[in-house]
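One structure is given below, encoded as structure tokens.
Nothing in this text is a laboratory measurement; each read-out follows from the coordinates by a stated rule. Worth saying up front: this structure is predicted, and the values here are computed from it rather than measured. Cβ: placed from backbone, ideal geometry, glycine included. Neighbour counts: every protein chain shown.
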Amino acid sequence: MRKLKLQMHISVDGFVAGPNGALDWMTWAEDPELISFVIALTDSCDTMLIGRKMAEGFMQHWESVPPEDPTFSFAKKMIDMRKIVFSHSQKTITGKNASITNEDLSTAVKKLKAEPGKDIIVYGGAGFVSSLVKEGLIDEFNFRVEPVMINKGMRIFDLLEHRQKLELLSVTPYSHGVYVARYGLMG
């Protein structure tokens, strides 16, 4: 069975976005080893899940990266990957290799996990990831922990109704005080 893997920036105090979704607190200076980790994680997956609120901007961003841009090869991975956008009401979506589903979240994700292929990755947004966490659907958490406390903003654990035990798989420090903490969902 395929795993659902989350990759997300998170502040030391547990926020994944600032008030109104602000991302100005994130470290954007990239460490070559961190970039290699992100590429390897992406390459281990062939399907991406995205919440409706994040989908349009996410797809427009990657589809607009020009060939001369240093991130173009990664952008091409994002464009070429199968993307499934989850929405309660929207019926259509614009974006390369993207489709939309209005199906129950838990049912849809379980069906996707049962399909053959590589693993599945989710990048966000915060509300969508919160719903995945609440349902216990994420198998592997890859938190890019940023060396900042932002005090206010959006969290992904607020909908959690019961404890979910995690197993620490690895912790890898990178430059600029960033580290990736990788956890697996237990039982």
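Some notes on this structure:
- Of the trypsin sites (Lys or Arg not before Pro) in region 56-165, those whose Cβ has at most 15 other Cβ within 10 Å and which sit in DSSP loop: K91, K96, K118, K152, R163, K165
- Pairwise centroid distance, computed over Cα atoms, of region 150-168 with region 56-80, Å: 30 Å
- Semi-axis lengths (Å, descending) of the ellipsoid that matches the C-alpha gyration tensor of region 10-59: 21, 18, 10
- Under 15 Å, Cβ to Cβ, from R155 - net charge with Lys/Arg +1 and Asp/Glu -1: -2
- In percent, rounded to a whole number, the relative contact order of region 4-185 is 34, using alpha-carbon pairs under 8 Å and six or more apart.
- Shape class for region 26-136, computed from the alpha carbon gyration tensor (a ≥ b ≥ c): prolate, with a/c not under 1.5 and a/b above b/c.
- Long-range Cα-Cα pairs in region 118-185 (distance over 15 Å), rounded percent: 61 percent
- G177 sits among other residues whose Cβ lies under 12 Å from its own Cβ, and their net charge, with Lys and Arg +1 and Asp and Glu -1, is -1.
- Gyration tensor (alpha-carbon) shape descriptor, the chain, a/c threshold 1.5: rounded
- Computed about the Cα centre, the dipole magnitude for the chain is approximately 620 debye when only Lys and Arg (+1) and Asp and Glu (-1) carry charge, each at its Cβ.
- Seen from H9, the other residues with C-beta closer than 9 Å to its C-beta sum to a net charge of 0, counting Lys and Arg as +1 and Asp and Glu as -1.
- Farthest towards the positive end of the charge dipole of the chain, among the residues G51, M1, A40, is the Cα of M1, using unit charges on the Cβ of Lys, Arg, Asp and Glu.
- Residue-averaged [θ]222 nm for the chain, counting only DSSP H segments that reach four residues, each worth -39500 (n - 2.57): -8500 deg cm²/dmol
- Stretching K3 away from H176 to a fully extended chain increases their span by 59.3 nm, per 0.36 nm per residue minus the current alpha-carbon distance.
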